[in-house]
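Structure first, commentary second.
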Amino acid sequence: MKKILITASLMVAFATLMNSCKKDETAVAPPVPGNEFLTTVGLKVTNANDATDVQYAYWTDTTLISNPPDSINTPVLNLKADNKYNVEVLFQDRTTTPIGDVTEEIKERENYHLICFTSSPSLNLTVARTDKDTNTPALEVGLTDLFTTGAAGTGELNVQLRHQPNVKDGTCQPGSTDADVNFTINIQ
Amino acid sequence: MKQKTWLVIKILLLMVTSHTSGQVCNFHIIGNILNNNQKPVVHASITLSNGQSSITDTNGYYDIDSVCKGTYTITCAADSVIFLQRTIYINNNTTLNFTYHHMEGDLKEVVINANKIHDLTTLNLIELDKKQLFQSAGKTLGESLKNIPGLNSIQTGPGISKPVIHGLHSNRVLILNNGIRQEGQQWGSEHAPEIDPFIAGKMTIIEGAASLRYGSDAIAGVILLDPPTLVNDRLKGEANLVGASNSRMGAISGLLNGAGYNKWEGIQWRVQGTLKRAGNFKTATYYLGNSGIDEHHYSATIGYHKANFGMFAYYSSYQSKMGIFDGSHVGNLDDLYAAFARPKPITPSYFSYKINRSYQQVIHDLLKLNSYYRFKNNSRAELTFARQSDLRNEYDVDLPYSDDPAVLNAPQVSFKIKTHTVDLIYHTPEKKHFSGSYGISGITQGNVFKGIRYLIPNFRNYGSGIFGIEKYNRDKWTFEAGLRYDYRWLRVYRRNDNSLTVYTQTHTYNNLTGSAGATFQITPDLSVSANTGSAWRAPSVSELYIKGIHLSAASYEIGDSTLQSERSINNNISFKYTGQKLLVQLNLYDNEINNYIYAKPSLTGITLVSGTYPVFQYTQANVRLRGLDAEINYQLLAPLAIISKTAIVRGYNKTIHDYLIFMPADKFDNTLKYQIPNRSKFKQNFITLQYVYTARQTRVPPNSDYAAPPAAYGLLNYSMSTQLPLHKNLLDISFSVDNLTNVAYRDYLNRFRYYADDLGISFILRTKLTF
């Protein structure tokens with residue numbers, strides 16, 4: 001009896017020791033393929049009266065991409081006074097080539113998302129969301145918008161992507177923030 | 001009576017030595033029998049009332065193995081003549097040395113003095129027995145210890161709580177689960193210990209620097225959870241059933257144990273299992289969405305022992321899924337401030353058992369093999385090997401941005417740590433009032449981190465330690481002193497984000513710690529103990545390398561890979577008076593920690609795509625924690641007792657001349673306990689009314705927290721309990737009401753106090769059938 005028990009427990013101990021010698025920790029997991037980081041928020045602005053008047057502004061997270069070039073980190077728009085602009089909000093993963101398009105995933109989960117805009121008081125800009133989700137009743141999303149500019153001036157436009165799983169009610173308060181960036185708008 | 005040589009026995013001061021806790025059926029009664037000429041008495045028999053027995057060897061030594069806790073009549077006989085019968089209560093390893101004289105005449109009065117001594121006796125030590133544990137059955141480990149003065153719990157919502165000893169927690173409190181260091185991701189304040197409290201037959205809290213015996217990390221103290229000792233009966237068992245109205249929590253836990261007979265003599269076994277389920281908890285006025293718990297655990301033990309040898313195998317598997325309160329999801333600091341400004345969470349919730357994102361999922365498995373051997377001279381060696389693996393997956397409220405279903409279903413953060421430990425301990429026999437324990441231990445860990453957002457790197461660590469403790473026990477004095485040396489080697493593996501190559505960084509730490517203390521039994525009622533001990537802790541991998549957002553706290557934490565070991569000197573003095581009607585315990589402590597590691601607000605922000613976060617940088621400072629724990633138990637009238645407990649702790653950062661953050665507020669706990677006389681079959685009937693007052697924490701450092709500490713609050717708790725013997729079985733019933741007046745309050749140590757109130761009223765029914 002004693003011998004059996006000793007032998008059995010030694011075998012178990014040996015087996016677990018052997019198993020432990022696999023040094024799993026030396027294989028550091030590479031970045032998860034297929035996962036996209038939200039590094040960049042962009043605005044594509046098209047003048048409603050002039051389809052050739054197109055501007056892009058981008059805000060890029062410098063902790064994810066250090067020293068980004070101006071092409072993806074100049075969050076400035078120069079708009080004409082008393083005009084209307086059709087706007088697309090772009091969410092991108094600039095860590096990959098080609099650029100990862102996160103907007104698609106947000107569009108797919110539009111019932112959980114809301115984009116909120118807040119202009120600083122000095123900025124004569126009104127923003128109206130022009131798209132709706134498939135909730136009942138349908139609620140706005142904000143991936144496409146209409147900007148209406150007023151008199152000349154300069155200010156900040158805060159763009160927030162609100163994540164509102166099961167709590168979306170059309171207002172900005174519920175849920176948590178996935179993106180929160182500022183653009184400088186010059187109305188001339 | 002035939003021809004008699006009556007023996008008058010004088011029993012000397014009895015010495016009780018303790019071995020490692022957590023070993024199965026580990027109580028030994030050992031000692032020697034000498035005659036008045038100090039010559040050994042050979043072949044004398046020592047028998048306990050349950051039949052366990054031993055016979056003295058040629059040196060007069062005897063040993064009774066595997067004694068379970070309880071009251072026994074001990075019977076000594078020589079030459080078929082009973083010369084001693086005494087009742088003795090055993091709840092520890094006990095050394096009973098007998099001296100006797102051959103003499104004609106009557107059996108003279110025998111006096112037994114028994115001291116109860118652990119490996120570290122002069123530290124403040126609190127034990128919770130089965131009865132006390134039953135009163136908190138169904139609660140988390142952290143919650144179930146809160147009634148002890150000096151202990152608190154740090155919480156992340158209702159389901160996740162960690163024990164706090166004298167203001168410190170996580171990496172600074174060591175938990176030994178069945179004698180094995182619990183190793184998971186214990187650095188995180190929102191990582192609860194992966195333990196089923198139902199496993200414990202006894203919990204012991206050692207307050208103070210206990211590194212000497214238990215190794216690094218025991219800066220504030222040690223919590224030992226020991227399963228009940230294995231039984232010698234053929235079959236015994238226990239079934240617990242707990243239900244609580246708040247969260248509609250239900251828990252069922254059972255155990256069966258027994259011993260082999262005939263050709264299976266010497267085999268002992270136990271199986272145990274627990275299922276626990278809770279839904280959304282409720283504050284005084286609203287539900288906390290997604291705060292449910294789903295937990296299950298099972299364990300099995302088998303042991304075999306002979307006269308001087310025993311070996312045991314233990315396996316346990318714990319699994320838990322814990323919802324994270326959905327009102328606590330904040331993307332950034334603005335969200336946090338907005339949540340704090342609201343009187344209640346913006347989205348109304350309702351009751352549900354469903355656990356949605358975000359949640360934590362934990363699987364912890366433990367295998368323990370141990371054996372002991374007792375040598376002829378009554379010394380004893382124990383060898384313990386353990387392997388534990390801990391998997392922790394955390395799922396954020398957001399799904400990853402991906403179309404790949406494999407990525408969508410993967411946790412954002414996943415840690416897997418495997419730990420192997422081996423310990424060899426040698427207990428010397430008591431000789432000329434001296435006894436000692438010596439040990440060596442080794443540990444190795446491998447940690448694998450996977451995740452979408454980076455938190456901590458992979459690592460491997462090796463550690464070893466060697467210690468010796470000697471104890472001198474004579475008359476009214478006990479002295480103990482010990483030394484320990486530890487070495488730790490840590491290598492982290494990281495991947496360069498640009499080149500994708502793996503590189504390593506290696507750290508080594510070594511530390512000498514020691515402890516010395518004394519206990520003086522001034523009178524049989526009054527004793528005083530004092531202890532000075534040192535402890536150490538190597539920086540955890542998170543403190544060295546963390547870089548990222550702490551989601552529920554909306555802070556950005558940055559580690560520092562140059563951190564040194566933390567070292568503490570802990571002075572402790574305690575008084576204990578045990579009178580007929582009055583029991584007083586007072587414990588004063590001063591814990592000076594050099595190179596204390598903490599996250600210091602750097603007063604700058606970092607702007608990420610999700611917003612701006614305050615930056616906290618890990619750094620070191622010299623700090624001091626001082627405090628007192630007091631307990632007075634006064635029997636006002638025959639059936640009515642008043643129990644008053646006070647706990648005060650002050651944490652101060654000596655380097656920057658400021659307070660320490662997240663120190664427990666002053667707590668005053670007063671209980672009236674009324675015993676109702678036995679009615680028909682109902683015995684041990686108690687009614688208690690408890691009022692716990694927690695003051696507002698006013699001593700906080702500036703710029704370290706987002707919201708002022710919450711107001712003081714008082715909670716009224718009620719309970720009634722009884723015991724009902726049913727044939728040979730025993731049914732324990734307890735009914736209690738927590739937060740009787742349904743007070744809405746927030747606690748400073750609950751990290752979710754930014755977002756919601758703490759728990760409202762709860763009716764709890766606990767039953768336990770012992771058969």
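Semi-axis lengths, largest first, of the ellipsoid equivalent to the protein assembly as shown are 60, 29, 25 Å, with √(5λ) applied to each eigenvalue of the Cα gyration tensor.
Of all DSSP-defined beta bridges confined to chain A, some 90% are antiparallel rather than parallel.
Taking only Cα atoms of chain B, what ratio of Rg to Rh do you get with Rh as the Kirkwood inverse-distance radius? Can you show the working numbers first?
Details: Rg = 27.1 Å, Rh = 27.8 Å.
Over the Cα atoms of chain B, Rg/Rh equals 0.98.
For chain A, lysine pairs separated by 8 or more sequence positions, or belonging to different chains, with Cα-Cα distances below 17 Å total 6. Dividing the convex hull volume of the alpha carbon atoms of chain A by its residue count gives 191 Å³ per residue.
Would you please name the trypsin sites (Lys or Arg not before Pro) within segment B:520-618 that are DSSP coil residues with at most 15 other C-beta atoms within 10 Å of their C-beta? Could you put the intermediate results ahead of the total?
Details: sites: B:R537, B:K547, B:R567, B:K576, B:K581; in loops: B:K581.
Sparse-neighbourhood loop trypsin sites (Lys or Arg not before Pro): B:K581.
With r as the distance between the Cβ atoms of B:I522 and B:R624 and R0 = 45 Å, compute the FRET efficiency 1/(1 + (r/R0)^6) and round to 0.05. Could you put the intermediate results ahead of the total?
Details: r = 29 Å, r/R0 = 0.65.
Using R0 = 45 Å, I get an efficiency of 0.95.
Express the Stokes-Einstein translational diffusion coefficient of segment B:551-645 in µm² s⁻¹, to the nearest whole number, given a Kirkwood radius over alpha-carbon pairs, 37 °C and a viscosity of 0.692 mPa s. Answer from the Stokes-Einstein relation: 188 µm²/s. Our analysis of segment B:599-651 gives Rg over Rh at 1.44, with the two radii drawn from alpha carbon positions and Rh computed by the Kirkwood formula.
In a DSSP loop and with at most 15 other Cβ atoms within 10 Å, there are no trypsin sites (Lys or Arg not before Pro) in segment B:154-210. Adding -39500 (n - 2.57) for every DSSP H run of four residues or longer, then dividing by how many residues the protein assembly as shown holds, sets the calculated 222 nm ellipticity at -1500 deg cm²/dmol. A viscosity of 1.002 mPa s and a temperature of 20 °C, combined with the Kirkwood radius over C-alpha pairs in the Stokes-Einstein formula, give segment B:146-285 a diffusion coefficient of 125 µm²/s. Between B:R699 and B:S680, the simple label model (points 7 Å from Cα in the Cβ direction) yields a spacing of 5.4 nm.
Remark: mean inter-chain Cβ contacts per residue of B:448-461 equal 3, using a 10 Å Cβ-Cβ cutoff to other protein chain atoms. For chain B, DSSP calls about 95 percent of its internal beta bridges antiparallel.
Would you tally the net charge around B:V164, using a Cβ to Cβ cut-off of less than 11 Å, leaving B:V164 out, and scoring K and R as +1, D and E as -1? Mind showing how you got there, number by number?
Details: positive: B:K146, B:K162, B:R172; negative: none.
That works out to +3.
With the gyration tensor restricted to C-alpha atoms of segment B:279-333, the semi-axes of the equivalent ellipsoid amount to 45, 13, 9 Å, longest first.
Rounded to the nearest 10 degrees, the angle from helix A:2-20 to the longest Cα principal axis of chain A is 30 degrees. In this simple spin-label approximation, B:S561 and A:S71 carry label points 7 Å from Cα along the Cα→Cβ vector, and these lie 3.3 nm apart.
Return the subset of B:K202/B:K645; B:K162/B:K581; B:K576/B:K667 for which the Cα-Cα distance in this structure is over 28 Å, preserving the input order. Distance filter (> 28 Å) returns B:K162/B:K581.
Quick one: net charge of B:T562's neighbours, Cβ under 15 Å, K/R +1, D/E -1? Kindly include the intermediate steps, with their values, before the conclusion.
Values: positive: B:K547, B:K600; negative: B:E543, B:D560, B:E566.
It works out to a net charge of -1.
Roughly what % of Cα-Cα distances in segment A:48-118 sit above 13 Å, to the whole percent?
On the way: 1867 of 2485 pairs.
Across segment A:48-118, Cα pairs with separations above 13 Å total 75 percent.
Estimate the FRET efficiency between A:T134 and B:L424 by the formula 1/(1 + (r/R0)^6), using the beta-carbon distance for r and 56 Å for R0, to the nearest 0.05. Once rounded, the FRET efficiency stands at 0.25.
Can you grab the distance from the C-alpha centre of segment B:476-524 to the C-alpha centre of segment B:258-289, Å, no decimals? Using only Cα atoms to place each centre, the spacing works out to 33 Å.
Every number here is computed from the coordinates shown, using simple stated rules; none is lab data. Just so it is clear, the structure is predicted and the values come from calculations on it, not from any experiment. A quick note on method: Cβ atoms are made from the backbone with ideal geometry, for glycine too, and the neighbour counts reach across all protein chains shown.
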